[in-house]
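Shown next, in structure tokens, is the structure this report addresses.
The values are calculated or read from the model by the stated rules, or taken from the named source; none is laboratory data. Predicted model, so just to flag it, every value in this text is computed and none were measured. Reconstructed Cβ throughout: ideal geometry from the backbone, glycine too, with neighbour counts over all protein chains shown.
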Amino acid sequence: MKIDILTTFPELVSEPLKASIVGRAQEAGYLDISIHNLRDYTDDKHRSTDDEQYGGGDGMVMNAMPILNAVRDITADDSGFRVLFPSPQGRVFTQEAAESYACENRLIFVCGHYKGIDERALEILKGEEISVGDYVLSGGELAALVVIDAVARLIPGVVGSMNSVNEDSFTSGLLDSPRYTRPREVEGLEVPDVLLSGNHQAIAKWRLEQAIERTRRKRPDLYEKWLKEQDDLKHGE
Ligand code: ADE
């Protein structure tokens with residue numbers, strides 16, 4: 001998968017993308033990530049990418065033209081891409097959206113700052129706004145990193161074991177069950193016996209029960225949705 005990030009703060013994204021699973025995915029050739037500085041697509045001597053708002057008001061708005069110039073330049077001989085605008089106005093990003101993005105050949109992230117982006121850039125590029133939650137970040141870069149991380153691990157081969165990905169929270173509609181590693185006892189707290197039993201069926205049953213109970217307690221909204229899905233499955237819908 002090819003990923004492009006258009007930003008006025010390349011340094012905000014360059015280092016994090018070198019580490020961990022996303023870093024390794026690039027080294028192994030599963031991901032090809034390019035970072036583009038929007039200032040390189042301006043035509044004034046100050047290389048400015050934002051301006052005051054029409055109609056007045058505090059805060060600058062990002063100009064449409066550097067964004068349009070950049071997207072057109074990097075996609076000159078390509079038509080199969082999806083343009084994403086991280087924004088608190090967008091649809092809230094979910095595991096389902098990550099699964100859908102993971103099937104794309106190319107994602108282009110346009111990272112806005114300040115008061116946002118001139119609406120015409122979104123309209124012309126037919127971009128999709130995505131939010132990583134109901135709070136306001138200083139810009140789209142950290143949100144883009146969140147989305148890239150969640151998408152990268154769904155590309156077959158990126159995470160060693162697809163079983164591990166399939167067991168993730170949300171993939172099944174439930175939160176994950178508790179996990180333990182050595183030592184067997186930490187400050188008086190023991191690993192549950194069933195996990196030491198070697199009985200894989202009993203372990204799977206325990207994990208599922210724990211996942212259901214955790215979801216019910218911590219995320220009643222997800223639990224209700226999961227219950228409904230189970231019910232629909234039972235009735236063949
Ligand atoms: N930019 C600013 N806030 C954001 C958010 N919550 N999600 C995505 N992009 C953003």
Restricting to segment 212-236, count the residues that are exposed (fewer than 14 other Cβ atoms within 10 Å of the Cβ) and among the hydroxyl-bearing types (Ser, Thr, Tyr).
0
Looking only at segment 138-167, count how many residues are touching a Phe, Trp or Tyr at 6+ places or on another chain (Cβ under 8 Å), within 13 Å of the ligand (Cβ to nearest atom) and in a loop (DSSP other than H, G, I, E, B).
1
Top-ranked residue of segment 102-121 - restricted to ones that are in contact with a Phe, Trp or Tyr (Cβ under 9 Å, 6 or more places away or on another chain) and away from the ligand (no atom under 13 Å from the Cβ), ranked as nearest to Ile67 (Cα to Cα):
Ala121
Tell me the residue from Glu224, Glu213 that is at pLDDT 95 or above and farther than 23 Å from Asn163 by Cβ, please.
Glu224
Inside segment 62-86, can you point out the residues that are under 18 Å from Glu129 (Cβ atoms) and touching a Lys or Arg at 6+ places or on another chain (Cβ under 9 Å)?
Met62, Ala64, Leu68, Phe81, Arg82, Val83
Within the set of pairs 6+ apart or on separate chains, which have a first residue in segment 110-124 that is part of a strand (DSSP E or B), a second that is basic (Lys, Arg) and at pLDDT 95 or above, and C-beta atoms under 7 Å apart?
none
Give just the number: which of (1) surrounded by 11 or more Cβ atoms within 10 Å (Cβ to Cβ); (2) among the small types (Gly, Ala, Ser); (3) over 22 Å from Asp168 (Cβ atoms) does Ala204 not satisfy?
(3)
Within segment 54-103, tally of residues that are touching a residue at least 24 places away in the same chain (Cβ under 8 Å), in a loop (DSSP other than H, G, I, E, B) and within 30 Å of Lys225 (Cα to Cα):
3
Gln201 versus (1) outside any loop (DSSP other than H, G, I, E, B); (2) within 22 Å of the chain's Cα centre (by Cα); (3) not aliphatic (A, V, I, L, M): which is the lone unmet condition?
(2)
Flagged in segment 168-201 as within 27 Å of Glu229 (Cβ to Cβ), charged (D, E, K, R) and loosely packed, with under 15 Cβ neighbours inside 10 Å, in numbering order, are Arg179
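Against the definition (away from the ligand (no atom under 16 Å from the Cβ), among the aromatic types (Phe, Trp, Tyr) and at pLDDT 95 or above), how does Tyr135 come out, yes or no?
The answer is no for Tyr135.
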